[in-house]
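Working notes, structure below.
Quick note: the coordinates plus some simple rules give every number you see, no bench work behind them. As the structure is a computational prediction, the values presented were derived from the model and not from experiment. Quick reminder, even Gly has a Cβ in these numbers, built from the backbone with ideal geometry, and neighbours come from all protein chains shown.
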Amino acid sequence: VPKGAIFGQVVSGKFLYDKLELTLGIRYDEKYIKYKGIDSPYTEKYGLEYPFYPEEKRVFRRTSPRAGLVVFIMNGLNLKFMAGRAFREPSITELFGANTFTLASNPRELKPEIINTQEAALDWFITKNLNFKLNFFNTKFENQIAYSVANNNLSTNIYTLHHRGVESELIYEVKKLSYFMNFSYNQRVNEAVLDNTISQNKKALTWAPTNTQNFGVRGEYHDFSGSVSLQRQGPVYRRNSDFGTVDFYTNFVYVDPYAYPQYRSRVIPEWYNMNLRLSYNVTSNLNIGIFVSNALNRTQHLIKNFEFPFDYRRETRRVMLDVSAHF
């Protein structure tokens, strides 16, 4: 399986009164695969008396450009504009799963994943200790590869997604105290479902939270140090196909999801999480610490997609004692 890539980049350096800097890059990837068709695909088609295992090949190649422009507005305030393409060819296990129940091979039809992204970002040091960041993004993810549960874990291009969103972060650092807070929001613009076992949701975001928030603070005082982190995950919505077989064109579930016992709600509710950490330097070589995860002992779930009777439940409160010594 020969594979190669070449990458080139040009950075202009600052120009136009040191207000602009341009970066241009390009990458070329190529992967050449030769394999034997052990499923003898042409034996039945041509009515052959004996199995015929043909020598076959796949070639994955793609040119991926990228560009970035930095605008230096003033000291500590920058604007960044970026655009680029990323490419990932199917892995060997995604192409050639055989003699196993965990996955199935799809060497002739599987397409590479391609991501096209455009971003506009603001990076502003409001003071020397306070940094504010803001980022707008527009992303199109083509031919995402995943296991198709309805097709015996066949590696399949399940859909192409188009999203837009915004991310922001505030970071403060001064001497022995620091904190951060960030926020992210994204919405679905469109999608094209390639696997007919998955229902379409062209506008509503599914299988992932629309918004998340994080906050953390860390400080030191003499021989003590500690930190607190808070996390919130917004609600997560399911697809209709998570409740039964759907008609690919009407998106209608053949089985009424309310006509049989439901083990899962249509929406995973939002949840909050808090982690605590405290440590003490007994000597210069000995440190004792305690860490508490999910300190509020809140129920938290992560989605399990497709038609299953369960979701993933995150761990409840855990307390860990840590002792470290250096000799």
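Cα to Cα, under 30 Å, and not fewer than 8 places away if on the same chain: which lysines meet these conditions relative to residue 175?
80, 128, 133
Could you pull out the chymotrypsin sites (Phe, Trp or Tyr not before Pro) across the stretch 16-120 that fall in loop regions by DSSP (anything but H, G, I, E, B) with no more than 11 other Cβ atoms inside 10 Å? Walk me through the numbers before you get to the answer.
On the way: sites: 17, 28, 32, 35, 42, 46, 52, 60, 72, 81, 87, 96, 101; in loops: 17, 42, 46, 52, 96, 101.
Here the sparse-neighbourhood loop sites are 17, 46, 101.
Can you give me the pair-distance distribution of the stretch 1-60, C-alpha pairs, 5 Å bins, whole percents?
Going out from 0 Å in 5 Å bins, the stretch 1-60 shows 4, 13, 13, 10, 9, 8, 8, 6, 7, 5, 5, 4, 4, 3, 1, 0 percent.
222 nm [θ] for the chain, helices only, -39500 (n - 2.57) per DSSP H run of 4+, per residue, to 500? The partial results should precede the final answer.
On the way: 1 runs with 4 residues, N = 327.
Using -39500 (n - 2.57) per qualifying helix, the result is 0 deg cm²/dmol.
Using the Cα atoms of the chain, I'd like the radius of gyration and the largest Cα-Cα distance, Dmax, both in angstrom.
In order Rg, Dmax, the Cα atoms of the chain give 25.8, 84 Å.
How about the stretch 43-85: which GluC sites (Glu not before Pro) there lie in a loop by DSSP and see at most 11 other Cβ atoms within 10 Å? Show your work: numbers first, answer last.
On the way: sites: 44, 49, 55, 56; in loops: 44, 49.
Those satisfying the criteria are 44, 49.
Can you list residues from other chains, or at least 5 along the same chain, whose modelled amide H is less than 5 Å from the amide H of residue 194?
It is 159, 160, by chain and number.
What are the ³J(HN,Hα) values, in whole Hz, obtained from phi via the Karplus relation 6.51 cos²θ - 1.76 cosθ + 1.60 with θ = phi - 60°, for each residue of the stretch 57-69 in sequence order, with x given for Gly and Pro?
Karplus values, whole Hz, x for Gly and Pro: 8, 9, 10, 10, 9, 7, 9, 10, x, 8, 8, x, 10.
What's the percent breakdown of Cα-Cα distances in the stretch 200-327 across 5 Å bins, shortest bin first?
2, 9, 15, 15, 13, 10, 9, 7, 6, 5, 4, 3, 2, 1
Hey, can you rank 197-206, 284-293 by average C-beta count inside 10 Å, highest first? Mind dumping the intermediate values first?
Working: 197-206: 17.7, 284-293: 14.1.
The peptides rank, most packed first, as 197-206, 284-293.
Can you list the HN-Hα couplings for the stretch 31-43, worked out from phi with the Karplus curve (6.51, -1.76, 1.60; θ = phi - 60°), rounded to whole Hz and with x for Gly and Pro?
With the stated coefficients, the stretch 31-43 comes to 9, 10, 10, 10, 8, 9, x, 5, 8, 6, x, 9, 4 Hz.
Over the chain, what is the relative contact order in whole percent, taking alpha-carbon pairs under 8 Å and six or more residues apart? Working shown, then result.
Values: 781 pairs, mean separation 27.4, N = 327.
Relative CO of the chain lands at 8 percent.
Show me the GluC sites (Glu not before Pro) within the stretch 99-152 that DSSP assigns to loop and that have at most 12 other Cβ atoms within 10 Å of their Cβ.
109
Under the Karplus relation 6.51 cos²θ - 1.76 cosθ + 1.60, θ = phi - 60°, what is the ordered set of whole-Hz ³J(HN,Hα) values for the stretch 292-297, x standing for Gly and Pro?
Values per residue, Gly and Pro as x: 10, 9, 6, 4, 7, 6 Hz.
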